[in-house]
1. Please report, in whole Å³, the volume per residue of the convex hull around the C-alpha atoms of segment 5-160.
2. Mean-square fluctuation check for the chain, GNM, Cα pairs under 10 Å: which of 120, 145, 59 is largest?
3. Sort 101, 81 so that the residue with the fewest other Cβ atoms within 10 Å of its own Cβ comes first and the one with the most comes last.
4. Using a/c under 1.5 as the rounded threshold, could you call segment 1-47 rounded, prolate or oblate? The axes a ≥ b ≥ c are square roots of the C-alpha gyration tensor eigenvalues, and prolate needs a/b larger than b/c, oblate otherwise.
5. Let me have the 222 nm mean residue ellipticity of the chain computed from DSSP H runs of 4+ only, each contributing -39500 (n - 2.57), with the sum over all residues rounded to the nearest 500.
6. Modelled label-to-label distance, residue 22 and residue 1, 7 Å Cα→beta-carbon offset: nm?
7. Modelling each spin label as a point 7 Å along the Cα-to-Cβ direction, I'd like the residue 158/residue 125 distance in nm, to one decimal.
8. Starting with the fewest neighbours, write out 39, 147 ranked by other beta-carbon atoms found within 10 Å of each beta-carbon.
Ligand code: SF4
């Protein structure tokens, strides 16, 4: 049986980003997988109850999602408001969804404190990137799910078809 893909809601066209926009990924293969019923879209932040729009959040002190999972890192808004709890809740909700649908692959929006898989922002709210992953990406990877950024779409295609 061909695999089912978990995808960030914003990449599938849902306007769920912190600023109320989507980042719809236009790829023929993705449209075909969707038509075949092999794509499940999910936004961990809104699923956990965060509103849209919402203040941007970053993982503090150049840490990444793994540190948040381990309790040594935090996700905060620019004013210091700690939103680690809903970020963790959303991550575990997405993992549960992946398990229920036996997903081995996820295509997640890069740069996000939830979904980032190759880079995130460094926690100073200055637009500075550093290598790292978001909370959901880290949790999915810990549980054996291969996470792809949109920049790696060609590699994902080879696994999905
Ligand atoms: Fe997109 Fe993930 Fe952010 Fe939701 S949490 S808006 S799916 S990047």
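1. Details: hull volume 15.4 nm³, N = 156.
Roughly 99 Å³ of hull volume per residue.
2. Comparing 120, 145, 59 in the GNM, the peak value goes to 145.
3. Values: 101 13, 81 10.
Taking fewest neighbouring Cβ atoms as first place, the list is 81, 101.
4. Details: a/c = 3.62, a/b = 1.73, b/c = 2.09.
Oblate shape, in that a/c is at least 1.5 and b/c is the bigger or equal ratio.
5. Numbers: 6 runs with 51 residues, N = 161.
Result for the chain: -8500 deg cm²/dmol, rounded to the nearest 500.
6. About 2.7 nm, to one decimal.
7. 4.2 nm
8. Details: 39 20, 147 24.
Sorted ascending by nearby Cβ count, the order is 39, 147.
Read-outs throughout are calculated quantities, based only on the coordinates presented, and are distinct from any laboratory measurement. Treat the numbers as computed from the prediction; the structure is a model and nothing was measured. Neighbour counts run over all protein chains shown; Cβ positions are idealised from the backbone, glycine included.
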